[in-house]
Every structure is written in C-alpha cells, then in structure tokens.
Amino acid sequence: ILELLDNHTPGPQAPKKAPRQLTETQQARQQKGYAQHVGGYHNKIVQIEVTTAYIELAIGSIGCHALIALLEGAVGASEQKNCKIDLNLIIDRIFKQAQAKDIMSDQHGSLVLRKFLAVLGAASKRQNDKASPITAAFNTTISVVESHLKDLMYDQAGNIVVQQLLAALPSAQLASFYQRFIQQSVADIAVHASAAHVLVSLLDIADAKVHADIAQQLKGSILDLATHLNGRFVVEKLIPNYSDIREIIFTNFTKLAHEKGTQHVIVALWNALDDTKAKQLVEKTIMPNLRNYAVDPCSSIVIQKLLQDSQKRSSSIDPAKANFCALARVKLVDDANVKKQLLHDRFGRFIIWVLDSSTQPENMKKE
C-alpha cells in the first residue's frame, strides 16, 4: 500500500527531458489529471474486497501505520474538487464490521481510528461545508464511535478514542454528548480507571453549564474522590471554578495532606486561593502543625510542593504564599535542634533541603 501511495509509476524510469513551459490552462489540466491519478490509486486500494485484510492491517503493529497513511492520503485527495474518493467505503470496510468494537479496543486499531477522526475533523473544519463528502464521512465516523461508546469509554484503549472524539467534536455538540453519554453516570465514571480520563478531557473543553452540572453531582462525594486513585484528577479540574469544592478541601486540609496521592489536589487548592484565604491556611492550619507535616510520608510531599511554589511567588502579588517559605524557615531551620532532628528523619530532611536551597545563590544551586 505504501509503495502504491508513494510511487505511482513503478519500474525503471526513462531519462527525464527538460520541462517545457506550460500555459495556465495546461497547468490546470495537469493538476486535475494528477489529482485524478492519485485518487484512482486510493480507490483501487479501498475497493479491495477482502475485508479481513483491513482488519489485519488495523490491528498490526506495522500494518496500522500503512493503513493510517492510506486514510490520510484518501482524505487529502478527497479535498481536491476533481477527486472522488468514497470515504464511506473505507468506514464500511474497517469500522462497520462485526469486529469493529474489537478493532477500536485494540491498541493499534484505536490508533487508526483516532488518526482518522483527527484528519477528518480537521479537513471538515477547513472545508466548512455541511454538505461536503468529508463532513458526511466525519459524521458517519462519529456515529460509528457513538454506537460503541459505552463500551469504549470503560476500555483501556477505547477511552483514548473517546477522548479524540471529544477533541474533534464542534464545541456546540459537547453539551449534547454529555447529556447522552455521561450525565447519568458521572459518579461511576469519575472513579473508573479508564472512563475517568474521558471526564477529565471533557472538563478541559466543556462550557460552564456542563462544568456546573458535574460539580453539583460530585460535590457530596468530593472528599472520597480526592483520595481516590482516579477521582482525584477530576477533583483537581473542578477546584479552580467552584468555591464550594474549594471550601471542602480547605476545611479538610490536614486529613487530605496525610492521604497518599493528594498532593496535586492540594496544590490545585493552593493555586486557586486568594491572598486572604491563603494567609488563613498558612497561619491557622499549616504553621501550627508544620513539624508533624514534615515527618509524615504523605504530608511532607505536600509541604515540599507548597514551599517550592512559595519560592517562585512575588511578595507584591501573592504576599501570603510568598511569605510561607520564610515562616517555615524560622520554625524549622533557624532552630538548630529542630533542624538537626529533621535532618535525621527520613522525610523531614527533604523539607530542610528545600528550605536551604531557597537561600542559596543561583550559581550554587546550579552547581
């Protein structure tokens, strides 16, 4: 297939003559002929009757790349006005067979479909014509994916296809997608190892109405999600825009700081707090418990990240966050006994190293 795509005239070539000057009319005819020539090769490949050949290519570690080259070339040729490629025939041969779901769930087959969605979506956007064959093929591919969407969303390879579908969909269709496939199962999706990635991708691009509905549904279980292996990524996306969720995390700071894997959730909270709330967090919650945080295997990581962020802050813009490092230094480093104890602790020593690095000149840090 690759040979046919890249070398349209097989066999030895005769010595080329110097190109003659062509009129504009002759050049237009030549371009039209070339487009039909390329399109002809794609049609010959696409019209192979052995459907199993496509399936074997799609799920093969090498063949999938050949098939991707075919699909990309077919879409590119279809954009030529004088070229007629039956893209629906490709979709029928690969993605409408009995094995379609298996292809979409395969690590190589899902790559083929993701590339096809991306190329079709980009070409459809360029053409901006709802009646064009490319837009029709794009809509057909969307329908094919949606017919298997429930299974794909919960699949290790299939969820990546759904994420690509979300990226390719026009923004006006995202709310409808959410209502049809996600809204009734938000809580289950948020904790699933594969489906949670789909929800996170949707939160990256969805409008405020979809965001608000997801936040409202998950607010009651936000603490459980914040400590869940998959749910914490969803919580991290919700924190910046919802004060109710921030307040829950803020109130339970100590509990969450001692839980494994919550540091990104807490950093998201830290970044979203205004100066007044940040000052309250530092003075009322963190500083009174700083030594305990420093020697705990989980909360010590949280404190390290907050200290590293504090070093980058400007005291004129974020005074409470910028001053946290100085306050921690007074409590943990300036007291020689406390510093010695922490240096001998498995986790506390990392806090001291971060604080010591904050006072070193830049050239010493690089060394």
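The values are calculated or read from the model by the stated rules, or taken from the named source; none is laboratory data. Values in this document were obtained by computation on a predicted structure and should not be read as measured data. Methodologically, a virtual Cβ is constructed for each residue, glycine included, from the backbone with ideal geometry; neighbour enumeration extends over all protein chains shown. Surface accessibility is based on the protein's heavy atoms, side chains included, excluding ligands, DNA and RNA. Shrake-Rupley method; radii C 1.70, N 1.55, O 1.52, S 1.80 Å.
Some notes on this structure:
- Subset tally (residues that are in a helix (DSSP H, G or I), among the aliphatic types (A, V, I, L, M) and within 23 Å of Asn252 (Cα to Cα)) for segment 283-335: 13
- Of all residues in segment 157-179, those that are in contact (Cβ under 8 Å) with a residue 40 or more places away in the chain have Cβ atoms under 8 Å from Cβ atoms of residues that are open to solvent by 50 Å² or more (accessible area, probe 1.4 Å) and among the β-branched types (Val, Ile, Thr), 6 or more apart or on another chain, in Ala167/Ile205.
- Considering Gln280, Gln216, the condition of being over 30 Å from Leu342 (Cα atoms), part of a helix (DSSP H, G or I) and out of contact with any helix residue (DSSP H, G or I) (no Cβ under 7 Å at 6 or more places or on another chain) is satisfied by Gln216 alone.
- Condition check for Lys150: of a type in the set (Lys, Arg) and closer than 30 Å to Asp102 by Cα: yes
- Complete set of residues in segment 185-213 that are at pLDDT 95 or above, open to solvent by 40 Å² or more (accessible area, probe 1.4 Å) and assigned to a loop (DSSP other than H, G, I, E, B): Val191, His192, Ala193
- Within segment 219-233, tally of residues that are part of a helix (DSSP H, G or I) and open to solvent by less than 80 Å² (accessible area, probe 1.4 Å): 8
- The set of residues in segment 145-183 being polar (S, T, N, Q) and either in contact with a Phe, Trp or Tyr (Cβ under 9 Å, 6 or more places away or on another chain) or in a helix (DSSP H, G or I) (or both) consists of Ser147, Asn159, Gln163, Gln164, Ser171, Gln173, Ser176, Gln179, Gln183.
- Boolean, Gly63 is small (Gly, Ala, Ser), buried (at least 17 other Cβ atoms within 10 Å of the Cβ), at pLDDT 65 or above and over 28 Å from Ser132 (Cβ atoms): yes
- Pick from segment 233-255, criterion over 24 Å from Asn292 (Cα atoms) and of a type in the set (D, E, K, R), ranking: farthest from the chain's Cα centre (by Cα): Asp244
- Remark: Glu56 falls outside the filter, which requires a residue to be at pLDDT 55 or above, within 16 Å of Ala118 (Cβ to Cβ) and either in contact with an Asp or Glu (Cβ under 6 Å, 6 or more places away or on another chain) or open to solvent by 60 Å² or more (accessible area, probe 1.4 Å) (or both).
- Close Cβ contacts (under 6 Å, 6 or more residues apart or on different chains) running from residues in segment 90-104 that are modelled with pLDDT under 85 and basic (Lys, Arg) to residues that are part of a helix (DSSP H, G or I) and open to solvent by less than 30 Å² (accessible area, probe 1.4 Å) comprise Arg93/Tyr54.
- Note on segment 283-322: among residues that are over 16 Å from Ile266 (Cβ atoms) and in contact (Cβ under 8 Å) with a residue 24 or more places away in the chain, the one that is most open to solvent (accessible area, probe 1.4 Å) is Arg291.
- On the stretch given as segment 141-175, residues that are over 16 Å from the mean Cα position of the chain (by Cα), crowded, with 18+ Cβ neighbours inside 10 Å and of a type in the set (S, T, N, Q) total 1.
- Residue in segment 108-123 that is part of a helix (DSSP H, G or I), β-branched (Val, Ile, Thr) and crowded, with 21+ Cβ neighbours inside 10 Å present: yes
- Filter result (open to solvent by 100 Å² or more (accessible area, probe 1.4 Å) and either closer than 11 Å to Ala294 by Cβ or touching a Gly at 6+ places or on another chain (Cβ under 7 Å) (or both)) within segment 332-345: Gln341
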